Structures are given as C-alpha cells and as structure tokens.
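Each remark here refers to the structure printed beneath this line.
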Amino acid sequence: QWVVDQADHIVFIGSVATGKKVAQRAAERLVSVSLELGGKDAAIVLADCDLDRTVAGVFWGAMANSGQNCAAIERCYVERPLYNEFVKRLKQLTNVPIAPVATAAQDQLIRRHLDEAMGRGATVHGSYPGAVILENVPEDALIAREETFGPVLPVWPIDSAEAGIAKANA
C-alpha cells in the first residue's frame, strides 16, 4: 500500500488478484502502472519466414535465462509447410547448455508440467534439466495452459496465421 501511495510510476510483477489491487490504488492517484501478471506467451511462425533467424530467435526467446523471463516464449505455433523442418532444427539445439532454474519449487513445477504432458502422450526432445522441445501436447495439458517459467517449449502445427492468432489468444 505505501509504495502505491508514494510512487510516481509502479511496475508490478505478481498475481492477477494483487495486480488488480495495485491497479485500483494507482488509478485513484492517476499514477501510471505496468503490470506483468503471468502468461503463456506464444510465437507464431509462418511459412515465409527466414528459417535460420526464426529458429534461433524462437529458441533464444524460449530458453534464455532457462525460460525464466516474464516475456519468454512458452508455446509455439508453426504453419504446416514449415513445421517438420522447424522442429527438426529446434531439436538440434537442445544440447545447448542451459543454466539451472532459480528455485526448487520452480523445478518441481516444471517437472510436474513435463510429467503430465508425457503421461498424456507428448513427444519429448531434449532432457530436463536442460532445453526441452515437446510435440503432440494435448491443448488442455498443464504445459499448454499454465505458465511453466522454464526451459520447455511445446510446438504445434497450424494451418494459417489466423489459426495461430486464435490459438495464441485462446
């Protein structure tokens, strides 16, 4: 409360419930606020992309800092004509050294998401701890819906940019 009442600008990272309270207090004082309330950021890869740059960029966006970045790519949708080659190239990068995650609790959450996805038929490329690419992940799996905050990236084929946008916004 004190910070919101004294600050000229607020940057808050945390839960949706607390973010709403911060935004309401800031609005009362007409103070600008930036909120990062978790998410499942998506990359949409279209068939006309520069493949080398896109593979490198998506991999970096998903795996930098062990995926522990509020803007990390947590899911990827790839147009079908490019899908197999894109995944093949991503898989080749899974041997890149990845730093450990920050806490034991985060490690357990990542393992829970991976275990649930594998139990439901996901194909896993790479080995955790380390970079992991997943295919055949059910769209209602934890790793597809909840913030994982780790070096894992599920990838799905799409038929069009519109389909990718719809899935990213779902």
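The values are calculated or read from the model by the stated rules, or taken from the named source; none is laboratory data. Note that the structure is a prediction, hence the values are computed from the model and not measured. Don't worry about glycine lacking a Cβ; one is built from the backbone with ideal geometry, like all the others, and counts go over all protein chains shown. Accessible surface areas use protein heavy atoms only, side chains included; no ligands, DNA or RNA. Shrake-Rupley method; radii C 1.70, N 1.55, O 1.52, S 1.80 Å.
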So if I restrict to the alpha-carbon atoms in region 1-101, what is the Rg, and what is Dmax, the biggest pairwise distance, in Å? 18.7, 54
Among Lys21, Lys88, Lys40, the residue with the largest mean-square fluctuation in a Gaussian network model of the chain built from Cα contacts under 10 Å is Lys21
Given 37 °C, 0.692 mPa s and a Kirkwood radius over Cα pairs, the Stokes-Einstein diffusion coefficient of region 83-158 in µm²/s is 261
For region 1-51, taking Cα atoms only, what is the radius of gyration to one decimal and the Dmax to the nearest whole Å? 16.4, 51
Candidates Val87, Val22, Val137: whichever shows maximal mean-square fluctuation once the chain is modelled as a Gaussian network with Cα springs under 10 Å: Val22
When the Kirkwood hydrodynamic radius is evaluated over all pairs of different C-alpha atoms of region 79-127, what value in angstrom, to one decimal, is obtained? 12.8
Return the Rg/Rh ratio of the chain with Cα-based radii and a Kirkwood Rh. 1.04
FRET efficiency, 1/(1 + (r/R0)^6) with R0 25 Å, evaluated for Ala64 and His9 via beta carbons: 0.45
Kindly state, to the nearest 0.05, the FRET efficiency for Ala99 paired with Thr123, given R0 = 30 Å and r defined as their beta-carbon distance. 0.75
Taking all protein chains as present, what is the carbon and sulfur share of the accessible area of region 34-125, in % to the nearest whole number, probe 1.4 Å? 52
At the level of C-alpha centres, the distance separating region 106-144 and region 43-101, in angstrom, is 15
